[in-house]
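K.L.:
Sharing a structure here in structure tokens format.
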Amino acid sequence: MKELLSQHVIYWLIITLFMIGLFGMVYKNNLVKKLMAMNIMQVAVIIFFLVLGQKAGGTIPIEIHGLEGIENYINPLPHALMLTAIVVSLATTGVALAFLLFIERRYGALEEDEMLRRMNQ
Amino acid sequence: MNKEYDSIILSTAYRYFIPFIMIYGVYVLMNGEYSPGGGFQAGALLGIAIVLDKLVWGEKAILNISGATALILAGIGTFIYALIGVLTMVFKGNYLAYGVFPLAMTEVERHALGILGIEIGVTICVMATIIVIFDSLTRREE
Amino acid sequence: MTKFLVFLVVIMMSIMLFVSTGGLPALFDPDSPAATHVSPRYIEKSHAETGSPNFVTAVLADYRGYDTLGETTVIFTAGLATFLMLLTFRKTQSQREEEEK
């Protein structure tokens with residue numbers, strides 16, 4: 001039981017975070033809240049990759065003088081990939097906010113049902 | 001920019017914060033090969049410094065870079081990156097293989113120089129993109 | 001009704017993912033598949049080959065430089081899209097105001 005908890009709790013937390021994001025994206029009515037839920041999903045994916053890169057007994061992936069060997073450093077690849085993913089998520093959030101400004105000016109509302117009602121008028 | 005955010009404490013405090021944030025950004029860029037850091041983080045720091053300046057001072061900011069200027073800067077940053085790749089091809093190497101520059105240094109040093117060059121390009125691109133997004137989303141209609 | 005359906009989908013997908021965590025590699029395992037394929041090469045050789053003690057920078061800017069060029073282009077394109085969208089938006093706004101006058 002103890003081993004199960006120590007091995008899987010972090011994955012369960014990540015799945016919970018991901019599902020909170022999914023639920024918000026599908027269920028919430030307000031488009032800004034949907035965007036925030038999408039960002040929560042992105043954070044869950046980023047944490048999942050970073051967890052996969054960890055090693056027991058490893059330090060940060062910067063070479064310390066005199067310390068050699070593969071087992072002393074954690075995996076640098078997930079860090080390099082997620083570093084760019086964070087900046088790209090910033091840029092896509094900017095584009096999404098521009099779209100929301102468009103929708104707000106065109107229909108005068110950010111709630112989904114209100115927007116659909118005005119679209120059909 | 002907005003009178004609601006304008007207060008004497010913020011204006012005075014951020015006036016002294018901004019140079020330190022910018023110096024730290026340049027440090028993170030230049031020391032990125034030896035410590036945590038690199039182009040993306042340095043770009044975020046420099047972009048935040050300019051956004052703070054524009055938030056506090058509005059039109060009177062010293063670094064009042066408009067969205068159009070920042071967009072040109074972002075293009076220049078991406079161009080620097082691609083240009084270094086093309087230069088390595090001019091000297092008969094693979095794309096972005098920095099070992100072929102005809103400079104009087106060892107191959108490892110050429111690689112380090114190439115990494116610094118593309119990180120400068122990335123920094124300019126990220127910094128300018130943050131300013132473009134901020135400026136586009138908050139600009140008042142004339 | 002919609003609320004019930006959304007809850008059902010989220011709970012079923014959660015159960016699927018919770019069950020599938022049993023197949024993931026053990027936490028902090030030095031011999032997991034992610035840590036044995038290319039990362040030993042990066043850790044052993046990157047300082048000697050690129051002159052950068054920071055492995056992340058070496059991977060980002062040297063071994064996977066072409067990848068990072070793509071990411072930079074994506075960021076630039078996103079900034080361009082934001083700027084152009086709000087530029088046309090402002091133009092149509094001012095035209096509409098003139099028509100109203």
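K.L.:
Do the conditions hold for A:Glu68, that is, is it farther than 29 Å from C:Met13 by Cα and more than 10 Å from chain C (Cβ to nearest Cβ)?
P.N.:
For A:Glu68, the condition - farther than 29 Å from C:Met13 by Cα and more than 10 Å from chain C (Cβ to nearest Cβ) - is not met.
K.L.:
Would you tally the residues in segment B:30-49 being open to solvent by less than 20 Å² (accessible area, probe 1.4 Å), within 14 Å of chain C (Cβ to nearest Cβ) and part of a helix (DSSP H, G or I)?
P.N.:
So the answer is 5.
K.L.:
Residue check: is C:Gly51 free of Cβ contacts under 8 Å to residues at least 40 places away in the same chain and on the phi > 0 side of the Ramachandran plot?
P.N.:
Here the answer is yes, as C:Gly51 does meet what is asked.
K.L.:
Further question: Residues to consider are C:Thr50, C:Thr77; find the one that is closer than 30 Å to B:Val108 by Cα and hydroxyl-bearing (Ser, Thr, Tyr).
P.N.:
C:Thr50
K.L.:
Also: Taking the options A:Ala85, A:Ala56, name whichever one is more than 23 Å from the chain's Cα centre (by Cα) and under 25 Å from C:Phe18 (Cβ atoms).
P.N.:
When all the criteria are applied, what remains is A:Ala56.
K.L.:
With the requirement that a residue be surrounded by fewer than 16 Cβ atoms within 10 Å (Cβ to Cβ) and more than 7 Å from chain C (Cβ to nearest Cβ), what does segment A:52-65 give you?
P.N.:
Matches in segment A:52-65: A:Gly57, A:Thr59, A:Ile60, A:Ile64, A:His65.
K.L.:
Determine, yes or no, whether A:Glu111 is of a type in the set (D, E, K, R), within 26 Å of C:His47 (Cα to Cα) and open to solvent by 40 Å² or more (accessible area, probe 1.4 Å).
P.N.:
No: the conditions fail for A:Glu111.
K.L.:
Looking at segment B:94-142, which of its residues are within 14 Å of chain A (Cβ to nearest Cβ) and either farther than 26 Å from C:Leu80 by Cα or basic (Lys, Arg) (or both)?
P.N.:
B:Val108, B:Ala112, B:Arg139, B:Arg140, listed by residue number.
The values are calculated or read from the model by the stated rules, or taken from the named source; none is laboratory data. Every value quoted in this text rests on a predicted model; they were computed, and no experiment measured them. Cβ coordinates were reconstructed from backbone atoms using ideal geometry, including for glycine residues, and neighbour counts include every protein chain displayed. Quick note on the areas: whole protein, heavy atoms, side chains included, nothing else; ligands and nucleic acids left out. Shrake-Rupley method; radii C 1.70, N 1.55, O 1.52, S 1.80 Å.
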